[in-house]
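Okay, structure first, notes after.
Every read-out reported here was derived from the displayed coordinates using simple, explicitly stated rules and does not represent laboratory data. Just so it is clear, the model here is predicted, and its values are computed rather than measured. Neighbour counts are summed over all protein chains in view; Cβ atoms, including those assigned to glycine, are modelled from backbone coordinates with ideal geometry.
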Amino acid sequence: MPPPADIVKVAIEWPGAFPKLMEIDQKKPLSAIIKEVCDGWSLMNHEYYALQHADSSNFYITEKNRNEIKNGAILRLTTSPAQNAQQLHERIQSSSMDAKLEALKDLASYSRDVTFAQEFINLDGISLLTQMVESGTERYQKLQKIMKPCFGDMLSFTLTAFVELMDHGIVSWDTFSVAFIKKIASYVNKFAADISILQRSLAILESMVLNSHELYQKVAQEITIGQLIPHLQGTDQEIQTYTIAVINALFLKAPDDKRQEMANILAQKQLRAIILTHVIRAQRAINNEMAHQLYVLQVLTFNLLEDRMMTKMDPQDQAQRDIIFELRRIAFDAESEPNNSSGSIEKRKSMYTRDYKKLGFINHVNPAMDFTQTPPGMLALDNMLYFAKHHQDAYIRIVLENSSREDKHECPFGRSSIELTKMLCEILKVGELPSETCNDFHPMFFTHDRSFEEFFCICIQLLNKTWKEMRATSEDFNKLQSEVTKLAMLRLIRRDLNTDVWNSIFSQTCQQVSSSLLAHLTGS
């Protein structure tokens, strides 16, 4: 006959004694079970004791989590959370350096348990730790030269305990002083050689920025990109991960008018090239947390395009209209400048209309009207101008090839560019907040400072090439756009990874995409 569902068979340890095998009745109050265990070892004051998991977690068993105890579990009778917190609170204030160090080491371990954390915080433990951090350097300044390892370990355990306690979300981040922030920020430089101190300092800075607008402003005043960049050039991936996490946090919480300014600073500091060299192309695998932080940076970078994506073109804005004139000039002839006074106004208007039709605009008379839909808004025009200026030969070839085709086989450059830009914005989720769990970053987007524009240039050329090879018509436009964008993405992934496995996958996918396109175009 199976035992009752409420009975759990466990082993309970006590230092210096043989483990006790017993059955725990989950219907009994936990205090009654602890009293029964204490009585078995003749221990007085059972309220000073508690049960704890005897695994690496050492988490306390409470009324809330006692149902997680499984048959065969090994538990430990130990000091209650309140007693343990009180003892550690006193021990970390010891005048003995060795005793203080051992106490801080224990505190860092116990602080992972929310039950203990609540008791320690109730004793104003967070304030005690912050005071130790603020005054610790000065207090032990004379001892650092002769006891540097001890001091470094003490600071490391102090910061570890602080991080663990704050991770439970019991205390608000808004309560910390400027002096504490300055001290943590100083550790990013001062203790750069001490990996544990640096890692925990970066973790604290990230949490400050993400959890408090006021602290974001204070941290932004204390930490510069120049201070963070060197930590990306090392070999410790954990430090690199936390460094990118701090940069992402500053990026994410920056006011809208400051984000572009920050992006410009990151470009000046060559952040992309440093990440590409020292992180993505380093001779080691990228772990999930690093992949997530790279994904977040990728999303935040693309989100800088949101303003242009959601900006409609103003047909009356001469500066914006000049961009269209520039597209026309590059495509056809430098002699056909809009301020060229030769010929009548009617003749010039007729010439412009003809050229705008060749450029593939929907509105031949006033192509500015093609950019009033958001998305993609002005971003589409930005992409077209970038392509025309940075890939001029390809741009001119595409325009001239299409202007010489029959109307039904024409691949309109203007319309294609607008739809393609919109599609890329959807694929790359421009304007959306990064997911907390996604780690789907693309190394190819770290290979160029203008990666979105370059990706557009590759896609628009591939679209035109496929269109020509398939002898597609305007009816095939939407289907072809979608398939070509997927194909371009795969080509770029293949180029970046350059492995036999991806080459095989890419070849198979190309065949599948080509087959589906051919079937669609032929109606089979």
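So for each of 411-417, 316-322, 77-83 I average, over its residues, the number of other beta carbons within 10 Å; can you give me the resulting order with the highest mean first?
Most protected by this proxy first, the peptides run 411-417, 77-83, 316-322.
Taking the highest mean first, how do the peptides 204-210, 268-274, 463-469 order by number of other beta carbon atoms within 10 angstrom per residue?
Highest-to-lowest ranking by the protection proxy: 204-210, 463-469, 268-274.
Give me the Debye-computed log₁₀ of I(q)/I(0) at q = 0.18, 0.21, 0.25, 0.30 Å⁻¹ for region 1-54, equal point scatterers on Cα only, no solvent, two decimals.
Log10 I(q)/I(0), no solvent term: -0.62, -0.82, -1.11, -1.41.
If you wrap a convex hull around the Cα atoms of region 18-161, how much volume per residue is inside, in Å³?
Convex hull of Cα atoms, per residue: 126 Å³.
Relative contact order of region 257-382: what whole-number percent is it, with Cα pairs under 8 angstrom and at least 6 residues apart?
Over region 257-382, the number comes to 31 percent.
Given labels modelled 7 Å from the Cα in the Cβ direction, how far is it in nm from residue 397 to residue 214?
For the pair residue 397/residue 214, the computed spacing is 6.1 nm.
Strictly over 31 Å apart at the Cα level, which of 218/389; 258/465; 183/253 would you flag in this model?
Violating the 31 Å limit, Cα to Cα: 218/389; 258/465.
Can you tell me the Rg and Dmax of region 345-452, counting just the alpha carbons, in angstroms?
For region 345-452, the Cα-based Rg and Dmax read 16.7, 59 Å.
At R0 = 30 Å, how high is the FRET efficiency between residue 58 and residue 190 if r is their beta carbon distance? Nearest 0.05 is fine.
Computed FRET efficiency for residue 58 and residue 190: 0.40.
Counting residues in region 228-301 as N, plug N into 2.2 N^0.38 Å and put the Cα Rg over that result.
Taking N as the residue count of region 228-301, the ratio is 1.05.
Determine, for each peptide in 36-45, 155-164, 172-181, 419-428, the mean count of other beta carbons within 10 angstrom over its residues, then list the peptides with the highest first.
Result, highest mean first: 155-164, 419-428, 172-181, 36-45.
When only alpha-carbon atoms are used, what values of Rg and Dmax, in angstrom, describe region 207-344?
Rg, Dmax (Cα atoms, Å): 21.2, 69.
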